[in-house]
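Just below is one structure, and these are the notes that go with it.
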Amino acid sequence: MRTIRGSTRRRTGASAAAALVLLGFTCAPSARPDAWDRLLGLAGLTRETCRFDTLDMAQFGGYRHLLPYFDALHKDPLRVPFAARSFRLTFAPACRSAGEAVMRGGARIGHGVRRTLLGDPNAEEARRAAAPDALAVAVKGVLRTGGRSLTPEQEAVLVRTTRAVPAEAARQAAFLLLVEMKALRRRQQAFASASPAQLDRAFDRLIASLPAAEEAVSREVEALRAGADLDYLFTGAVDLALAVDAARDALLGRPVRERFSFSWNTPYGWIVLRGGTDDVTAGDRPYLLILDTSGNDQYAGGGATYSARHPVSVLLDLSGSDRYSERPELMEGGVARYGGRRAGSKRPVFGAGVLGIGILADAAGDDRYASLCHTQGRGALGVGVLVDGEGADRYDAYASAQGSAEFGLGALCDGAGADEYRCFAGSQGFGATKGCGLLLDGGAEDDLYEANDTVLDFPSPQSREHNASLAQGCGFGRRADYLDGRSLAGGVGALLDMGGNNRFSCGVFGQGAGYWYGVGLLCSGPGSDQYDGVWYVQGASAHFAVGALYDEGGDDRYRASMNMAQGAGHDFGPGFLYDAAGDDRYEAPNLSLGGGNANGFGFFWDRGGNDVYVVRRSTTLGRAAVEDGVRGTLRERNLTLGLFLDTGGTDTYPADQPWCANGASWTMEQSGRPAFASVRGAGLDVEAPDTPEPR
């Protein structure tokens, strides 16, 4: 891609001056060039020309369901640090709120439902829940919606047993049931064009799939996607998520300490209300609502869509150190040691919405979650949310979990506590096509994030000795030009940790990675973090995607072992690593630290601190490369770029690359002239820690 050097024309004359006054323009002095201007200038670029040629890029195709959020970052890749910081500020309130997670996450995939704009969307349901015998009335409403009625004798039993529920628990249960029926109507509107049989078959197909499987796109699922109106679904999900937040807060404000128990079966699942005991919940039945006010409880199901005919579910647990596990063996030995893990789950569990809405909210306690697939914040043509308020929690899952979504939203939100998150693949902030997958941790304690890379259940095409993790902030699309041609753009996958000394580990694709028109983002708050990965990690992208890692500060250590890491972009994709402060150590492979490949853009920026860079001489530290045999093609015409920037501290560079040094600037000509003029790279080490974000 040639750089076009324009000229500024001065307009003179009274008419031109009058036009400027009328239009409100003023003449201001040009901004003083900063470190980014200097770095771009070394590569023969400006902020305006540091762009992909989208006209040429469009000729490669394969981007159905492309998201506006992708376009916003991809078309102006220098705005990524600002966008990542904005993401952190935007989603911080969602770490404790199901409603905020659904509203803010939905906006990232084109379903920006703002139900609170003009007040409380559930005010009428709250009013009705305060009426006498509101719980009995709400239960009868559920039965009536499902086409079932009560005999006078049954109605008398219902009234008597609901009156035994403590007043505040009864009020909030009635409120949740009323909003659940409203959400159910929205869900029916969303899939109005599908028959019950079609929904059943699509449900079975969706729960049988694993992340990034190279299988044919199901015709029934694709037809259902095409006919679905997810705006309706998100409207119902927002209302229900806000109701769960409100009921939780009300019950925490007026704790229910009495011992009680109520249960009733409905066409949409069981209603179970209880408190004062340590309870066990079976997993062999659907649940419309579980409300538990106290006790150290054990759950084998709940808070998830049980089937296409049981599409709405809420589980609200107020206190106690609880255990959530669909099988006892998972809790005893963990997912990695469970021999049946590859068979997956029979049903979604614990904050999962497949063709519907599933919400689990646990307010407090040191809780343990151990389940396989479609769990712990998973949405597939649906909305699934798990919100855990506080406590030292442990999350263990296999795949499609812990903030994972396709055509919908999946969010795992943890408010506070020293937590552990373990998975295999497609989890911890994974967004497939038109999905927003969020893992949000709001605490400042030390957390562990692990995507298993020792038990090789998901061997990667890049290296069969490592798993394709697709985790810890990964946006992933379906590339099918070599399969059936039905390529689908990726979604948004994001992991946000607000602080602490955290540890992140994964195999291939993770820690802020994008693939095939997807957006992957990892944002970590202040603290000394440790990042370990293999290939396409730590702010990396492949094939028309965006990947970014944004670290707020601390003495961090980054280590990647094989390729494409720490600010690396491949094939029309930008990869960006930004570290705000601290004495950091970077152990990098080829194509890293501002490395661009095959029309990709690699950006690296360490803003301050005494840093150490450990890397062999390769396409790194502000270099770019293209494959052989591209002369005369679009590849030769289009820009390939690597930019490295360190704006503070006394830094240590590899001895075999003497052009990289404190206070120095360098271009690719010093380390080997590029094959084409469109292949550009540059590095700059300068004492300028106040350099603003390039936007």
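When each of ARG160, ARG144 is tested for being farther than 29 Å from VAL349 by Cα, without any contact (Cβ under 8 Å) to a residue 12 or more places away in the chain and either in a helix (DSSP H, G or I) or touching a Leu at 6+ places or on another chain (Cβ under 6 Å) (or both), the lone residue that passes is ARG160. Of the residues making up region 433-455, just one is assigned to a strand (DSSP E or B), among the charged types (D, E, K, R) and over 19 Å from GLY507 (Cα atoms), namely ASP441. Across region 173-205, the number of residues qualifying as surrounded by 23 or more Cβ atoms within 10 Å (Cβ to Cβ), in contact (Cβ under 8 Å) with a residue 60 or more places away in the chain and either of a type in the set (Gly, Ala, Ser) or part of a helix (DSSP H, G or I) (or both) comes to 10. Within region 410-421, the set of residues being surrounded by fewer than 24 Cβ atoms within 10 Å (Cβ to Cβ) and either part of a strand (DSSP E or B) or among the polar types (S, T, N, Q) (or both) comprises just one member, GLU420. Residue pairs whose Cβ atoms lie under 6 Å apart, separated by 6 or more positions or on different chains, with the first residue in region 115-129 and among the aromatic types (Phe, Trp, Tyr) and the second at pLDDT 95 or above, do not occur.
Tell me which strands (runs of 3 or more DSSP E) are completely within region 230-320 and hold 2 or more residues being in contact with a Gly (Cβ under 7 Å, 6 or more places away or on another chain) and closer than 29 Å to ALA380 by Cβ, or say none if there are none.
Of the strands (runs of 3 or more DSSP E) lying wholly inside region 230-320, those with at least 2 residues that are in contact with a Gly (Cβ under 7 Å, 6 or more places away or on another chain) and closer than 29 Å to ALA380 by Cβ span 287-292, 312-317.
The sole residue among GLU155, GLU125, GLU168 that is buried (at least 19 other Cβ atoms within 10 Å of the Cβ) and acidic (Asp, Glu) is GLU125. Residues to consider are GLN472, GLN511; find the one that is modelled with pLDDT of 95 or more, farther than 18 Å from LEU210 by Cα and polar (S, T, N, Q). On inspection, the qualifying residue turns out to be GLN511. Scanning region 604-632 for residues that are under 29 Å from the mean Cα position of the chain (by Cα) and of a type in the set (Asp, Glu) returns a single hit, ASP606.
Being touching a residue at least 40 places away in the same chain (Cβ under 8 Å), closer than 23 Å to VAL280 by Cα and either in a helix (DSSP H, G or I) or of a type in the set (D, E, K, R) (or both) is the filter here, so list the residues in region 328-340 that pass it.
Hits for region 328-340 are LEU330, VAL335.
Can you name every residue in region 242-255 that is crowded, with 21+ Cβ neighbours inside 10 Å, of a type outside the set (Lys, Arg) and under 22 Å from ARG323 (Cα atoms)? Across region 242-255, the qualifying residues are VAL244, ALA247, LEU251. Condition check for ASP579 on (1) within 19 Å of the chain's Cα centre (by Cα); (2) crowded, with 24+ Cβ neighbours inside 10 Å; (3) over 24 Å from PHE676 (Cα atoms): one failure, at (1). Out of GLY547, GLY533, one residue alone is of a type outside the set (A, V, I, L, M, F, W, C), over 18 Å from the mean Cα position of the chain (by Cα) and surrounded by 23 or more Cβ atoms within 10 Å (Cβ to Cβ). It is GLY533.
Within region 594-642, how many residues are part of a loop (DSSP other than H, G, I, E, B) and over 29 Å from GLN59 (Cα atoms)?
So the first thing to find is which residues in region 594-642 are part of a loop (DSSP other than H, G, I, E, B), and the list is 594, 598-600, 607-611, 615-619, 621-622, 626-633, 638-639.
Add one more test, that the residue is over 29 Å from GLN59 (Cα atoms), and what stays is 607-611, 615-618, 621.
Residues meeting the conditions: 10.
Here ARG616, ARG631 are screened, and the one residue that is of a type in the set (Lys, Arg) and either over 20 Å from ARG557 (Cα atoms) or modelled with pLDDT of 95 or more (or both) is ARG631.
Against the condition touching a helix residue (DSSP H, G or I) at 6+ places or on another chain (Cβ under 8 Å) and touching a residue at least 60 places away in the same chain (Cβ under 8 Å), how does VAL534 come out, does it pass?
So VAL534 fails the test.
Answer yes or no: is there a residue in region 404-413 that is under 12 Å from the mean Cα position of the chain (by Cα), of a type in the set (D, E, K, R) and not assigned by TED's automatic domain parsing to the domain that holds ALA107.
no
Taken over region 648-666, the criterion of being under 14 Å from ALA682 (Cα atoms) and in contact with a Phe, Trp or Tyr (Cβ under 7 Å, 6 or more places away or on another chain) is satisfied by TRP659, CYS660, ALA661, TRP666.
The values are calculated or read from the model by the stated rules, or taken from the named source; none is laboratory data. All of these numbers come straight from a predicted model, not from anything done at the bench. Don't worry about glycine lacking a Cβ; one is built from the backbone with ideal geometry, like all the others, and counts go over all protein chains shown.
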